[in-house]
Amino acid sequence: MSNLKKPLRIDIVSDVVCPWCAIGYSQLAEALKQTNTPHEIHWHPFELNPNTPHEGRNYREHIMEKYGTTAEDIQENRARMTEVGAEAGFDFQFTDDFRTYNTFNAHQLLHWADQQGRMHELKQALFVAHFVDNQNISDYSVLADVAADVGLDRSEALAVLKDQRFAAAVEKEKQHWQQQGLQSVPSMVFNERHLISGAQGVENYKSILQQLADMPD
């Protein structure tokens, strides 16, 4: 049971194509549920691969080129992520032709969804669209469909994407977090003071939440 007197503010800097972001949030959500912690979550943009083309890139080839890993290493990592994801309630569906995509449009749509009070729902839906349904989350039509699925106006979503009205705002926020020294995701900031990086696991998150609850105001 949480001792927090007011909701815990959690700022999460992440990217939609980051598997450990999906895992980390799923683990945190379970820890928040088990500890009955009142909280408010604020999502912030980060682009892992801003130079990815619109049509995306084969995930295996991309990781091999970026990190110099072998196909066997990637297969092992995928198996591990799938197992850890399943434990946290997230169902990765990796395939041989699984692709990674440019996420700048997705972040713009999330910025717009935040103004409608639907950013959190859209973020979760985009994780699913990418990692479960293997959709091109750079494509305007795909993004508009996902937005509509969470109750947002599809035609307005398309308009937001086509005129790129939030491009500058997203770029500014990305730079803000980079200037704070954040270079990897997920990065979670609790009560605007305590930074936790990476997916920590449900038990570790529960321990962190308890420590925060025990801190004097």
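The values are calculated or read from the model by the stated rules, or taken from the named source; none is laboratory data. Nothing here was measured: the structure is a model prediction, and the numbers come from that model. Every residue, glycine among them, receives a Cβ derived from its backbone with ideal geometry; neighbour counts consider all protein chains shown. Ligands, DNA and RNA are stripped out before the accessible areas are found, and what is left, the full protein with its side chains, is counted by its heavy atoms. Shrake-Rupley method; radii C 1.70, N 1.55, O 1.52, S 1.80 Å.
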Name every residue in the stretch 88-106 that is without any contact (Cβ under 8 Å) to a residue 60 or more places away in the chain and either of a type in the set (S, T, N, Q) or open to solvent by less than 20 Å² (accessible area, probe 1.4 Å) (or both), in order of residue number. GLN93, THR95, PHE98, ASN102, ASN105
Looking for whichever is over 30 Å from ALA79 (Cβ atoms), assigned to a loop (DSSP other than H, G, I, E, B) and open to solvent by less than 60 Å² (accessible area, probe 1.4 Å) here; the options are LEU161, LEU152. Which one fits? LEU152
Scan (1) within 18 Å of SER197 (Cβ to Cβ); (2) of a type outside the set (Phe, Trp, Tyr); (3) free of Cβ contacts under 8 Å to residues at least 40 places away in the same chain for the single condition GLY24 breaks and write down its number. (3)
Could you please give the count of residues in the stretch 22-46 that are under 19 Å from VAL142 (Cβ atoms) and either surrounded by fewer than 21 Cβ atoms within 10 Å (Cβ to Cβ) or touching an Asp or Glu at 6+ places or on another chain (Cβ under 6 Å) (or both)? 1
For the stretch 167-174, check the following and say yes or no: at least one residue is closer than 13 Å to SER14 by Cα, open to solvent by 30 Å² or more (accessible area, probe 1.4 Å) and either assigned to a helix (DSSP H, G or I) or in contact with a strand residue (DSSP E or B) (Cβ under 9 Å, 6 or more places away or on another chain) (or both). yes
Got a sec? Which of LYS162, LYS123, LYS172 is free of Cβ contacts under 8 Å to residues at least 24 places away in the same chain, within 28 Å of PRO7 (Cβ to Cβ) and not acidic (Asp, Glu)? LYS172
Being touching a residue at least 24 places away in the same chain (Cβ under 8 Å), closer than 24 Å to LEU212 by Cβ, surrounded by 12 or more Cβ atoms within 10 Å (Cβ to Cβ) and not charged (D, E, K, R) is the requirement here; does THR52 meet it? no
